């Protein structure tokens, strides 16, 4: 594994060195933000991100360097995207400069042939990351027969991101920062004293998804069958847009079978007009001891509603309101993770930050197109679940980005709690 890491590092360095000698457009961006926590006279965070693009031939080489106060030079990423004939090619390399470690690499080659999309995915994870060292590949075929879409993914030690499965998330333990990639290698690589040898790189899984079916009051029916080298793993049925005869109400239904369990997820959506969407967060309760064991499942005993959400958008303005009813199990994620209602156990498992002290969010977001990403403004107001006042205000978080000219933007943020101003931040960015 060590030799393989060195080869990858040398190849990446040589490749990007050669691109700098090529003749082609050069562009990039640099941004930096400082966050000061008041009352402590300390920087809460300080980050600097440098992104460079260089074109050569039909390809674009990318370098992204990320430095943070808490972890130093945390990430150094390289990538290449482009076309070679009918092939679309993407490669990614990730390093940890502060510890001089190779972390991850992936290569993706895709093409379309006679209406069928074909893709080959390969990835390698180093032993510096939880789950590594690992490597593997996957092959994806996708096509349509009339209105029916069929996707087949054959796994040889790797899984790839789709609608039901995330790719790989790589965390930096000291800072909580993370990177996401499409290809997740799952086959462990055994390391010896002198060389690295892989484990079984043969067949590890097959996933077939069929969607686009419709009948009766169901807008879309999808099924997914997943088998591994050990045999049957799961079978999932998704019913989307179930019409119950009411224009403002629709349901999504998911039923998943595994060897030992059966799970049911029922999601109602209230739709008012074209711009307003009210979501009801709920779960279906059964008489099974843990709500999943199908051997003792005989009936649905009730529906637990644990939250409501409303989103209204018009002309670049989005208003969001979230209410958590079961604050013991669910919470609102931070803006970095989408400001959605999520189960606390799931958030902890996935590394998401949540505001467990607040039960309600009122948010206004404004976006205006322009240079450097355009103008953006976000104001989130949170209400405390322990407050004794009528509305129970807990915190207000505000952030904004304002472009100046054609290549410079300034940003700022602040958080105000009941005890006063908690932190303030400011930043600057340049594009060229």
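State all residues of segment 71-86 that are surrounded by 15 or more Cβ atoms within 10 Å (Cβ to Cβ) and touching a strand residue (DSSP E or B) at 6+ places or on another chain (Cβ under 7 Å); if no residue qualifies, say none. Steps first, answer last, please.
From segment 71-86, those surrounded by 15 or more Cβ atoms within 10 Å (Cβ to Cβ) are 71, 73-82; that's our starting set.
Once the filter is applied, which keeps residues that are surrounded by 15 or more Cβ atoms within 10 Å (Cβ to Cβ) and touching a strand residue (DSSP E or B) at 6+ places or on another chain (Cβ under 7 Å), segment 71-86 yields 73, 74, 75, 76, 77, 78, 79, 80, 81, 82.
You will find that of 387, 415, the residue that is more than 23 Å from residue 278 (Cα to Cα) and surrounded by fewer than 19 Cβ atoms within 10 Å (Cβ to Cβ) is 387 and no other.
Yes or no: residue 291 touching a strand residue (DSSP E or B) at 6+ places or on another chain (Cβ under 9 Å), part of a loop (DSSP other than H, G, I, E, B), closer than 30 Å to residue 409 by Cβ and modelled with pLDDT under 90? Spell out how you get there, then give the answer.
Values: touching a strand residue (DSSP E or B) at 6+ places or on another chain (Cβ under 9 Å): yes; part of a loop (DSSP other than H, G, I, E, B): yes; closer than 30 Å to residue 409 by Cβ: no; modelled with pLDDT under 90: yes.
When the stated conditions are applied, residue 291 does not pass them.
The set of residues in segment 86-118 that are more than 26 Å from residue 150 (Cβ to Cβ) and outside any strand (DSSP E or B) comprises 97, 98, 99, 100. When the residues of segment 177-221 are filtered to those that are in a loop (DSSP other than H, G, I, E, B) and exposed (fewer than 13 other Cβ atoms within 10 Å of the Cβ), which remaining residue is modelled with the highest pLDDT? It comes out as 202. Only a single item in (1) more than 26 Å from the chain's Cα centre (by Cα); (2) outside any strand (DSSP E or B); (3) within 25 Å of residue 177 (Cβ to Cβ) is not met by residue 387, and it is number (3).
Test of understanding: among 145, 129, which residue is modelled with pLDDT under 95 and in the same structural domain as residue 189 (by TED's automatic domain parsing)?
Working: 145 fails: in the same structural domain as residue 189 (by TED's automatic domain parsing).
Criteria check complete, one pass: 129.
For segment 355-365, does any single residue satisfy the condition of being in contact with a helix residue (DSSP H, G or I) (Cβ under 8 Å, 6 or more places away or on another chain) and closer than 18 Å to residue 307 by Cα? Within segment 355-365 (the criterion being in contact with a helix residue (DSSP H, G or I) (Cβ under 8 Å, 6 or more places away or on another chain) and closer than 18 Å to residue 307 by Cα), the answer is yes, since at least one residue qualifies.
Among the residues of segment 119-147, how many are over 22 Å from residue 170 (Cα atoms) and assigned to a strand (DSSP E or B)?
Residues of segment 119-147 that are over 22 Å from residue 170 (Cα atoms), as a first pass: 119, 139-147.
This time we only want the ones that are assigned to a strand (DSSP E or B), so: 119, 139-145.
Going through segment 119-147 one residue at a time, the tally reaches 8.
The residues of segment 150-169 that are modelled with pLDDT of 90 or more and on the phi < 0 side of the Ramachandran plot, listed by number, are 150, 151, 152, 153, 154, 155, 156, 158, 159, 160, 168. Residues in segment 91-118 that are over 21 Å from the mean Cα position of the chain (by Cα) and more than 19 Å from residue 173 (Cα to Cα): 109, 110, 111, 112, 113, 114, 115, 116, 117, 118.
Can you say whether residue 358 is modelled with pLDDT of 90 or more and crowded, with 16+ Cβ neighbours inside 10 Å, as far as the supplied structure shows? The answer is yes for residue 358. Taking the stated definitions as given, is residue 265 closer than 30 Å to residue 322 by Cβ, within 24 Å of the chain's Cα centre (by Cα), at pLDDT 85 or above and surrounded by fewer than 15 Cβ atoms within 10 Å (Cβ to Cβ)? So residue 265 fails the test.
Could you please let me know if residue 89 is buried (at least 18 other Cβ atoms within 10 Å of the Cβ) and not assigned by TED's automatic domain parsing to the domain that holds residue 407? In short, no.
Of the listed requirements (1) within 30 Å of residue 421 (Cα to Cα); (2) at pLDDT 80 or above, residue 37 misses just one: (2).
In segment 338-351, the residues that are on the phi < 0 side of the Ramachandran plot form Cβ pairs under 8 Å with partners that are part of a loop (DSSP other than H, G, I, E, B) and buried (at least 16 other Cβ atoms within 10 Å of the Cβ), at six or more places apart or across chains, as follows: 342/352; 346/352.
Is it fair to say residue 364 is assigned to a strand (DSSP E or B), surrounded by 15 or more Cβ atoms within 10 Å (Cβ to Cβ) and within 24 Å of the chain's Cα centre (by Cα)? Spell out how you get there, then give the answer.
On the way: assigned to a strand (DSSP E or B): yes; surrounded by 15 or more Cβ atoms within 10 Å (Cβ to Cβ): no; within 24 Å of the chain's Cα centre (by Cα): yes.
No.
The values are calculated or read from the model by the stated rules, or taken from the named source; none is laboratory data. Because the structure is predicted, anything quoted here is derived from the model rather than measured. As a convention, Cβ positions derive from the backbone with ideal geometry for all residues, glycine included, and neighbour counts pool all protein chains shown.
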